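To start, the structure itself, in structure tokens.
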Amino acid sequence: MRKYDAVVIGAGNGGLVAAIRLLQGGAKTLLVEKHNLPGGFATSFRRGRFEFEASLHELNDFGTADNAGDVRELFDGLGVTDKIEWTQIPEAYRVIARAEKLDATMPFGVQAFIDKMEGYVPGSRPSVEKFFDLAEEIRLAQAYSSSVNGKTDSKYMVSHYGNFVRCGSYSVNEVLDSLKMPKKARDILNAYWCYLGAHCDDLSFLHYASMVNRYIKRGASMPKGRSHEISLALTERIRELGGDVLFNTEAVKLLTDEKDGGIAGVVLDDGTRIETRHVVANCAPHLVFGKMMDKVPEAEVRAANARKFSGRGFTMFLGLDADADELGVENHNYFLYDTADSVAQYGRMRTIAENEVQATVCLNRAYPECSPKGTCMLYFTTLYMSDDWGNVKAEDYYKTKDFVANKMIDRFEQDTGAKLRGHIEEISVATPMTYARYCGHPQGVIYGYESQYWDGLMPRLQMMGEDHKVRGLRFAGGYAMRLSGYSSAYFSGDISGRQTVGDIKREG
């Protein structure tokens, strides 16, 4: 029996940050990871002469040394910023929507974004200015809420962040309607919706506006060594602080105290029993409550089952034997939609047959040296809003992979005019089955639980106390209080790690 103040299960983004915060708070900490590498989705892999980024399109709200965003300030506090070599993303995005014949490329920088929008949609300036004013108030309100661990003073919120309170229960589309934003401007502004995995009739305006503001206000960055460079830097920092890290080690069971039902220990896959009263789980509550605990409070079962799984991931990686200019790939980040109507588009993303959405990245546009000279890399991602891949028969699996991959290439060529076929040197495809096997996520979900009215970003942040039902057990990562996304996962680990330090100190 080995003893630790805290055990972190899973070396994904949230788990890595949680471990550092625990160590910085003086807790003897063990991090266990079933894979042989840290990072979870934040990793890279090689095929031939290409090193592909597994999932990160760009890291928002990082900023620069003289214009630091919240993520950079977090990394500064963790002690890892200078361990990573960064490159800036050149522009925000290019969005193409067939039904509306929309093709718009948007810049970073709030004023530049507003000016470009006015060029595309004359008369849109007042409403877009109001949007960013409101989004900045939301950012400040969220910072206040985080600073008090969700225990906000209602009178203070109303007096300082009144507009935040007023729009708190409304969707993206409802608020943009109230701002009288022209439809085309809304179509362009809403391009990021697929990053949150919920359509704009359901998606909380607070959540979406916060994300857009963080992207546009300070731009986005990318590690030159892919997201795995971040994961390695965080792991190195854990070891510098005296933490123990076990790879190729799976936590298979959580032991609970017979008296209060709280955490009493962790059992590893080799039978080792770790004594601890505190666990931060960087994995799905469905996994923890469904497989790792014998006794689960009914309230936790009901809460987990009430939540809705968000997007199941499908990603295709291409290594091409020509550079981006030769291929006609002009931008770093593309959103390709059938329609800018997110509700209709979301419905089409339920099935393999109908889903043709893609978010596609050419990293060479941000970092030309990321692949050998005269080559480039593209990675294409889509989401499935139901478990339609669960209906694919084993004998049809490879044929279905090829069907979707070919559809993605055809769509990109048709919408952008680029010429990819004939230049494909390496190809690799990850389906929901790949993600389920690699990270243990139910149904291959890569976006955690979907952001709903009752279960969005602010409700979760403000209900952190009520969500903490098992003594000594907290969650980090895409299923936790900050929802999915790289930045969100890092902040969830920060919150859960600091909260657990507080729990330990209160216990004496």
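The values are calculated or read from the model by the stated rules, or taken from the named source; none is laboratory data. Quantities reported herein were computed from a predicted structural model and do not represent experimental measurements. Here the Cβ positions follow ideal geometry from the backbone for every residue, glycine too, while neighbour counts run over all protein chains shown.
Numbers at a glance
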{"quantity": "Boolean, Ile84 is in contact with a strand residue (DSSP E or B) (Cβ under 8 Å, 6 or more places away or on another chain), aliphatic (A, V, I, L, M) and modelled with pLDDT of 95 or more", "calculated": "yes"}
{"quantity": "Selection within the stretch 1-53 - in a loop (DSSP other than H, G, I, E, B) and surrounded by fewer than 21 Cβ atoms within 10 Å (Cβ to Cβ)", "calculated": "Met1, Asp5, Gly25, Gly26, Lys28, Lys34, His35, Asn36, Leu37, Gly48, Arg49"}
{"quantity": "Test: residue in the stretch 190-197 that is surrounded by fewer than 17 Cβ atoms within 10 Å (Cβ to Cβ) and not assigned by TED's automatic domain parsing to the domain that holds Met458", "calculated": "no"}
{"quantity": "Subset tally (residues that are among the charged types (D, E, K, R) and in a helix (DSSP H, G or I)) for the stretch 414-441", "calculated": "2"}
{"quantity": "Subset tally (residues that are among the hydroxyl-bearing types (Ser, Thr, Tyr) and either surrounded by fewer than 16 Cβ atoms within 10 Å (Cβ to Cβ) or over 21 Å from Ser484 (Cα atoms) (or both)) for the stretch 347-385", "calculated": "4"}
{"quantity": "Scope the stretch 147-171; condition surrounded by 16 or more Cβ atoms within 10 Å (Cβ to Cβ) and among the hydroxyl-bearing types (Ser, Thr, Tyr); matching residues", "calculated": "Thr152, Tyr161, Tyr170, Ser171"}
{"quantity": "Number of the condition not met by Phe491 [criteria: (1) assigned to a helix (DSSP H, G or I); (2) more than 15 Å from Gly150 (Cα to Cα); (3) among the hydrophobic types (A, V, I, L, M, F, W, C)]", "calculated": "(2)"}
{"quantity": "Any hit, the stretch 471-487, residues being outside the structural domain of Gly374 (by TED's automatic domain parsing), among the hydroxyl-bearing types (Ser, Thr, Tyr) and either assigned to a helix (DSSP H, G or I) or surrounded by fewer than 21 Cβ atoms within 10 Å (Cβ to Cβ) (or both)", "calculated": "yes"}
{"quantity": "Selection status of Asp103, at pLDDT 95 or above, within 23 Å of Tyr453 (Cα to Cα) and either outside any loop (DSSP other than H, G, I, E, B) or not basic (Lys, Arg) (or both)", "calculated": "no"}
{"quantity": "Every residue from the stretch 442-470 that is in a loop (DSSP other than H, G, I, E, B) and either among the β-branched types (Val, Ile, Thr) or within 22 Å of Leu255 (Cα to Cα) (or both)", "calculated": "Ile446, His468, Lys469, Val470"}
{"quantity": "Some residue of the stretch 388-403 being surrounded by fewer than 17 Cβ atoms within 10 Å (Cβ to Cβ), in contact with a Pro (Cβ under 9 Å, 6 or more places away or on another chain) and aromatic (Phe, Trp, Tyr)", "calculated": "no"}
{"quantity": "Selected residue (only one of Arg411, Arg350 is at negative phi and in a loop (DSSP other than H, G, I, E, B))", "calculated": "Arg350"}
{"quantity": "Per-region count, the stretch 311-356, residues without any contact (Cβ under 8 Å) to a residue 24 or more places away in the chain and within 17 Å of Ala405 (Cβ to Cβ)", "calculated": "2"}
{"quantity": "Where a residue in the stretch 222-242 is modelled with pLDDT of 95 or more and its partner, wherever it lies, is in a helix (DSSP H, G or I) and basic (Lys, Arg), with Cβ under 9 Å and at least six apart", "calculated": "Glu229/Lys83; Ile230/Lys83; Leu232/Lys83; Ala233/Lys83; Leu234/Lys83; Glu236/Lys83; Arg237/Lys83"}
